[in-house]
1. Label-point separation (nm) for PHE225 and ASN205, each offset 7 Å from Cα along Cα-to-Cβ?
2. Find the accessible area per residue for segment 2-136; the probe is 1.4 Å, ligands and nucleic acids are left out, and the unit is Å².
3. Using a 10 Å cut-off on Cβ atoms, rank the peptides 220-231, 83-94 from the highest mean neighbour count down.
4. Share of segment 149-254's accessible area from carbon and sulfur, percent, 1.4 Å?
5. So what's the net charge close to GLU43: Lys and Arg +1, Asp and Glu -1, counting the other residues with Cβ under 9 Å from its Cβ?
6. Too long at a 30 Å Cα-Cα cut-off: which of LYS51/LYS126; LYS56/LYS161; LYS56/LYS126?
7. Might you work out the accessible area of ILE47 for me, using a 1.4 Å probe with all protein chains in place, and round it to the nearest 10 Å²?
8. Please give the contour-minus-distance gain from LEU17 to GLU141: 0.36 nm per residue of separation, less the Cα-Cα distance, rounded to one decimal in nm.
Amino acid sequence: MLNFAIETARDAGQILLEKFGRKINISKKGDINLVTEADLASEKLIIERIKSYFPKHAILAEEAGDAVLLDGVNTWKWIIDPLDGTTNFAHGYPCFCVTIALEHDGEIVIGVTFDPTRNELFAAEKGKGATLNNKPIRVSETESLSESLIVTGFPYDFKQKENFARHLTDFLLNSRGVRRDGSAAIDMAYVACGRFDGFWEEGLNPWDVAAGLLLIEEAGGQVTFYNGEKYNIYSPPICGSNGLIHREMLEVLR
Ligand code: IPD
Ligand code: CA
Ligand code: CA
């Protein structure tokens, strides 16, 4: 099933790449929340592929919603973001990906994130580690927040997130820098391979974080809620890190 997820993410990524930089249809889901024909084409390919190979599996996809199949006993669920980084994509900024995870009995067992512009394929399987283009990856060894490069995302409804500005200021004052690249799935893949030391964000959805959660954990890192409790993809906010700076991050997020 890992190979299936990898092949599917690569093929969907190819669709994104073919449409990237061209004039495409864009519509609005909210004031600043976009959906493009690339999101829809990528998602169509992924859903059709899953339905043909695993017809009894449930699917949770960003654009199609929760299409849980009711036939048969269903303990498998594919969780899909066909294009994470839609705003970047729509503006020609090359930071976006396809991200696919598989949940079994409530636990993420496979996570794949593919960045087609850099041809970088991040993959993880429960208990078997994480890889980037087939080579094992580990989180960074940075031991303090003051030496860390941190990444975050600005939620679409950030005006309602009153703590966000305080968290951002505190991380800016206490780290080497804070980045905001516009794709939560890439942010988390970069924590898994040590490019970033930590990540926090409010208001994400399960499809943004499902693969990244497994990537970070399998690469030796840690993902929790802001209070330090075990993370659950269905209820944000999220804090992920290399594990070594986690306690310091949670102090900021208290
Ligand atoms: C968004 C990206 C972004 C995050 C937003 C997400 P989308 O996903 O992951 O980094 O800050 O909260 O919704 O809409 O591009 O799939
Ligand atoms: Ca997303
Ligand atoms: Ca998306």
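The values are calculated or read from the model by the stated rules, or taken from the named source; none is laboratory data. The model shown is predicted, which means the values in this text are computed figures rather than measured ones. Glycine also receives a Cβ, built like all others from the backbone with ideal geometry; neighbour counts cover every protein chain displayed. Keep in mind that these areas ignore ligands, DNA and RNA; they rest on the heavy atoms of the full protein, side chains included. Shrake-Rupley method; radii C 1.70, N 1.55, O 1.52, S 1.80 Å.
1. Placing both labels 7 Å along Cα→Cβ, they lie 2.2 nm apart.
2. Numbers: 6520 Å² over 135 residues.
On a per-residue basis, segment 2-136 sits at 48 Å².
3. Working: 220-231: 16.8, 83-94: 19.7.
Top to bottom by mean Cβ count within 10 Å: 83-94, 220-231.
4. Working: 2090 of 4370 Å².
Answer for segment 149-254: carbon and sulfur cover 48 percent of the accessible area.
5. Details: positive: LYS44; negative: ASP39, GLU62, GLU63, ASP81.
Neighbour charge sum, excluding GLU43 itself: -3.
6. Numbers: LYS51/LYS126 23 Å; LYS56/LYS161 39 Å; LYS56/LYS126 21 Å.
Checking Cα-Cα distances, LYS56/LYS161 exceed 30 Å.
7. The value for ILE47 is about 30 Å².
8. Numbers: separation 124, 0.36 × 124 = 44.64 nm, distance 3.35 nm.
Extra length available between LEU17 and GLU141 comes to 41.3 nm.
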